[in-house]
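**Student:** The following block contains the structure, expressed as structure tokens.
The values are calculated or read from the model by the stated rules, or taken from the named source; none is laboratory data. Everything numeric here is computed off the predicted structure, so don't read it as measured data. Virtual Cβ from ideal backbone geometry, glycine too; neighbours counted across all protein chains shown. The area values use the complete protein model at the heavy-atom level, side chains included, leaving out ligands, DNA and RNA. Shrake-Rupley method; radii C 1.70, N 1.55, O 1.52, S 1.80 Å.
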Amino acid sequence: MIKHHPSDDMLLAHAAGETSLGLAIAISAHCEMCSECAAKVATMQSRLAQHFLPETQADDAEWLGMDNLFDAITAEDDAVSRHTSVKEVIGEKRQSVEHSRPIATQVKGQDFALPGAFRQFVDNAALASAWSGLGHVSRMRLNTLDGKARASLLHIAAGGEIPEHTHKGQEITLLLHGHFSDEMGDYAPGDFMLTDASHQHTPKTLDGCLCYTLVDAPLHFTKGLSKLLNPIGELIY
């Protein structure tokens, strides 16, 4: 059962096309796994369409009590234009979801199905690096062209963990397969987590897991030999 979701502010920014590509992938993939958030985004897009193109026959679904969020995002846009097309409102950065054929990646001899939001990276090798790793942890970097933000598929083999650390910036984690736990709780496929400098944790998995991660600054390791990696954090995050 999915217990952790993007905030309503994140979902609204995503619906309006105002998120970075890396974050749009995370939210799109989460919505493919979470019917609750998918319904929220659909409602938000409908309201945006009604606002910018009131003559269209947009869906009159309930706004789910988010009028304040909607007013905040549309007030500024009104000052620019009242005739923006729906496609521009929703934004070209949003990831289209295609279900015509399955997509997958393979790491350590195991195949993993991926949400449609990752299709462009599977289909275009130039947008993804090969898997690399050390010990239980493997990573495939995804080139989302988001400046300093780093997007990756992260695989932790059964019995593995990420050493205790905190964050110099923010980290988005979407759990795609398997389970992991840390000092803050237990996580299942579809869970969407945001951690920052206020969190210190040691993610570990018994059965192995595959995650999508987006970080905008290096991790800061806080225990043991892994602290030796901190001086070169800018090179390896």
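Residues checked against (1) open to solvent by 20 Å² or more (accessible area, probe 1.4 Å); (2) assigned to a loop (DSSP other than H, G, I, E, B):
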| residue | (1), (2) |
| --- | --- |
| Val122 | yes, no |
| Met140 | yes, no |
| Leu145 | yes, yes |
| His155 | no, no |
| His177 | yes, no |
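**Student:** Select from segment 124-138 the residues that are assigned to a loop (DSSP other than H, G, I, E, B) and of a type outside the set (Phe, Trp, Tyr) and write down the one among them that is modelled with the lowest pLDDT. Show your work before the answer.
**Tutor:** Keep residues of segment 124-138 that are assigned to a loop (DSSP other than H, G, I, E, B), which gives 124, 129-131, 135-136.
Adding the requirement that they be of a type outside the set (Phe, Trp, Tyr) leaves 124, 129-130, 135-136.
Details: Asn124: 81, Ser129: 86, Ala130: 88, Gly135: 88, His136: 93.
Checked segment 124-138; the qualifying residue modelled with the lowest pLDDT is Asn124.
**Student:** Restricting attention to segment 203-225, does a residue exist that is part of a helix (DSSP H, G or I), of a type in the set (D, E, K, R) and at pLDDT below 85?
**Tutor:** At the first step, the residues of segment 203-225 found to be part of a helix (DSSP H, G or I) are 224-225.
From what is left, the residues that are of a type in the set (D, E, K, R) are none.
So far as segment 203-225 goes, no, none of its residues is part of a helix (DSSP H, G or I), of a type in the set (D, E, K, R) and at pLDDT below 85.
**Student:** Just give me the residues in segment 1-31 being surrounded by fewer than 19 Cβ atoms within 10 Å (Cβ to Cβ) and under 16 Å from Gly190 (Cα atoms), in sequence order.
**Tutor:** Within segment 1-31, Met1, Ile2, Lys3, His4, Ser7 qualify.
**Student:** What number goes with the only condition from (1) open to solvent by 40 Å² or more (accessible area, probe 1.4 Å); (2) of a type in the set (S, T, N, Q); (3) in contact with a helix residue (DSSP H, G or I) (Cβ under 9 Å, 6 or more places away or on another chain) that Gln200 does not pass?
**Tutor:** Looking at each condition in turn, Gln200 falls short on (3).
**Student:** Kindly indicate which of Glu171, Glu183 is charged (D, E, K, R), at pLDDT 90 or above and open to solvent by 10 Å² or more (accessible area, probe 1.4 Å). Walk me through it before giving the result.
**Tutor:** Details: Glu183 fails: at pLDDT 90 or above.
On inspection, the qualifying residue turns out to be Glu171.
**Student:** Using beta carbons and a limit of 8 Å, which pairs, at least six apart or on different chains, have the first residue in segment 1-15 and in contact (Cβ under 8 Å) with a residue 12 or more places away in the chain and the second one among the acidic types (Asp, Glu) and crowded, with 23+ Cβ neighbours inside 10 Å?
**Tutor:** Ile2/Asp191; Lys3/Asp191; His4/Asp191
**Student:** Also, I was wondering about something else. Yes or no: segment 17-24 includes at least one residue that is farther than 24 Å from Leu194 by Cα, modelled with pLDDT of 65 or more and not acidic (Asp, Glu).
**Tutor:** Step one: of segment 17-24, the residues farther than 24 Å from Leu194 by Cα are none.
Scanning segment 17-24, I find no residue that is farther than 24 Å from Leu194 by Cα, modelled with pLDDT of 65 or more and not acidic (Asp, Glu), so the answer is no.
**Student:** Pull out all pairs, ordered by first then second residue, where Cβ-Cβ is under 7 Å, the residues are six or more apart or on different chains, the first lies in segment 127-146 and is over 23 Å from Phe180 (Cβ atoms), and the second is modelled with pLDDT under 85 and surrounded by fewer than 19 Cβ atoms within 10 Å (Cβ to Cβ).
**Tutor:** Note: pairs meeting the criteria are Asn143/Leu127.
**Student:** Condition first: over 22 Å from Asn143 (Cα atoms), polar (S, T, N, Q) and not in a helix (DSSP H, G or I). Now tell me which residues in segment 3-36 satisfy that.
**Tutor:** First, pick out the residues of segment 3-36 that are over 22 Å from Asn143 (Cα atoms): 3-9, 11-12, 15-16, 33-36.
Next, only the ones that are polar (S, T, N, Q) stay: 7, 35.
If the condition is that a residue be over 22 Å from Asn143 (Cα atoms), polar (S, T, N, Q) and not in a helix (DSSP H, G or I), then Ser7 is the only one that fits.
**Student:** Just to be sure before I move on: is Phe118 open to solvent by less than 20 Å² (accessible area, probe 1.4 Å), at pLDDT 90 or above, closer than 16 Å to Gly22 by Cα and not in a loop (DSSP other than H, G, I, E, B) in the structure I sent? Steps first, answer last, please.
**Tutor:** Details: open to solvent by less than 20 Å² (accessible area, probe 1.4 Å): yes; at pLDDT 90 or above: yes; closer than 16 Å to Gly22 by Cα: yes; not in a loop (DSSP other than H, G, I, E, B): yes.
The answer is yes for Phe118.
**Student:** In segment 97-107, how many are open to solvent by 90 Å² or more (accessible area, probe 1.4 Å) and either in contact with a Leu (Cβ under 9 Å, 6 or more places away or on another chain) or at pLDDT below 90 (or both)?
**Tutor:** To start, the set of residues in segment 97-107 that are open to solvent by 90 Å² or more (accessible area, probe 1.4 Å) comprises 99-102, 106.
Those left that are additionally either in contact with a Leu (Cβ under 9 Å, 6 or more places away or on another chain) or at pLDDT below 90 (or both): 99-102.
Selection size over segment 97-107: 4.
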